[in-house]
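Trainee: Next up is a structure, given as structure tokens.
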Amino acid sequence: MPVLPPVVLASSSVYRRRLLARVLEEFCCRSPGVDETPMPGEGPGELALRLARAKAAAVSGLEPGAVVIGSDQVATLGDRALGKPGDERRAIEQLAACSGRSVVFLTAVTVLGPRGEVVLEHLDRTETVFRQLEPAELERYVLREQPLDSAGSFKIEGLGITLFDAVNSTDPTALEGLPLISVTRALRGLGFQLP
């Protein structure tokens, strides 16, 4: 059996690390240190793809011979990007703005092979349809789950599922931050046996 290259996740996100651990036993994480400021006129999908590519490239330069996975996610409400709220007040305000509306999450992933070659570039689109939310529900949710480091102010893998009428996606893991269907397809193409 051929020796497989090491896999490095170009992220410091505990959510992405947890997702990749569902399918891979051995990998390491390395923070890419990439400036995530949008470029003038850059659309949300373009931003997510550029940042996923930049994160993977930054870590690939530091980890020669490794397979590197970079990912980024941008949430949009209409034409406005939703960032990470940072505090409880902003989280409640963000969720109140989403109440009864659809929020689209664009999750990009880039996989670079051991010679730095692009193995995969993919953009996944997930639509979340929020139900009408009462102010007391928003406060209870934010106090209980503390989604302060999550774009859109919720955690789908936790109590956040109670906020929705529907979630429309081709890959449910994309909403959590890393589209595993595409990632595992790329890894299988590189010789990894999954499952």
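The values are calculated or read from the model by the stated rules, or taken from the named source; none is laboratory data. In this text the structure is predicted, and so the values were computed from the model without any measurement. Virtual Cβ from ideal backbone geometry, glycine too; neighbours counted across all protein chains shown.
Trainee: Could you check how many residues of segment 25-66 are touching a residue at least 60 places away in the same chain (Cβ under 8 Å) and surrounded by fewer than 17 Cβ atoms within 10 Å (Cβ to Cβ)?
Mentor: Result for segment 25-66: 2.
Trainee: Being of a type outside the set (Asp, Glu), touching a Ser or Thr at 6+ places or on another chain (Cβ under 8 Å) and modelled with pLDDT of 95 or more is the filter here; which residues of segment 171-191 pass it?
Mentor: Ala174, Leu178, Pro179, Leu180, Ile181
Trainee: Can you pull out every residue in segment 11-29 that is in contact with a Ser or Thr (Cβ under 8 Å, 6 or more places away or on another chain) and among the aliphatic types (A, V, I, L, M)?
Mentor: Result: Leu19, Val23.
Trainee: Can you work out which of the residues in segment 76-126 that are of a type in the set (Gly, Ala, Ser), closer than 17 Å to Leu175 by Cα and modelled with pLDDT of 95 or more is surrounded by the most Cβ atoms within 10 Å (Cβ to Cβ)? It would help to see each step written out before you state the result.
Mentor: Filtering segment 76-126 down to residues of a type in the set (Gly, Ala, Ser) leaves 78, 81, 83, 86, 91, 96-97, 99-100, 102, 108, 113, 116.
The next check asks that each one be closer than 17 Å to Leu175 by Cα; those that pass are 81, 83, 102, 108.
So of that shortlist, the ones also modelled with pLDDT of 95 or more come out as 102, 108.
Values: Ser102: 15, Ala108: 26.
Across segment 76-126, the extreme among qualifying residues is Ala108.
Trainee: Considering only residues that are at pLDDT 95 or above, β-branched (Val, Ile, Thr) and more than 20 Å from Leu51 (Cβ to Cβ), which ones fall in segment 1-40?
Mentor: Val23
Trainee: Could you tell me which residue of segment 1-23 is nearest to Ala151 (Cα to Cα), considering only residues that are hydrophobic (A, V, I, L, M, F, W, C) and crowded, with 16+ Cβ neighbours inside 10 Å?
Mentor: Among them, the one singled out is Leu19.
Trainee: Is it true that Asp87 is within 25 Å of Val129 (Cα to Cα) and either within 16 Å of the chain's Cα centre (by Cα) or free of Cβ contacts under 8 Å to residues at least 24 places away in the same chain (or both)? Steps first, please.
Mentor: On the way: within 25 Å of Val129 (Cα to Cα): yes; either within 16 Å of the chain's Cα centre (by Cα) or free of Cβ contacts under 8 Å to residues at least 24 places away in the same chain (or both): no.
No, not satisfied.
Trainee: Tell me, which residue of segment 127-137 that is farther than 22 Å from Val74 by Cα and either modelled with pLDDT under 95 or of a type in the set (A, V, I, L, M) (or both) is surrounded by the fewest Cβ atoms within 10 Å (Cβ to Cβ)?
Mentor: Only one residue fits best here, namely Ala136.
Trainee: For segment 160-186, give me each residue that is of a type in the set (Gly, Ala, Ser), over 15 Å from the mean Cα position of the chain (by Cα) and under 20 Å from Leu20 (Cβ atoms).
Mentor: Passing the criteria: only Ala186.
Trainee: Still on this structure, I have one more. Considering segment 54-102 alone, what residues qualify as being small (Gly, Ala, Ser), more than 18 Å from Leu138 (Cβ to Cβ) and in contact with a helix residue (DSSP H, G or I) (Cβ under 9 Å, 6 or more places away or on another chain)?
Mentor: Residues satisfying the conditions are Ala66, Gly70, Ser71, Ala81.
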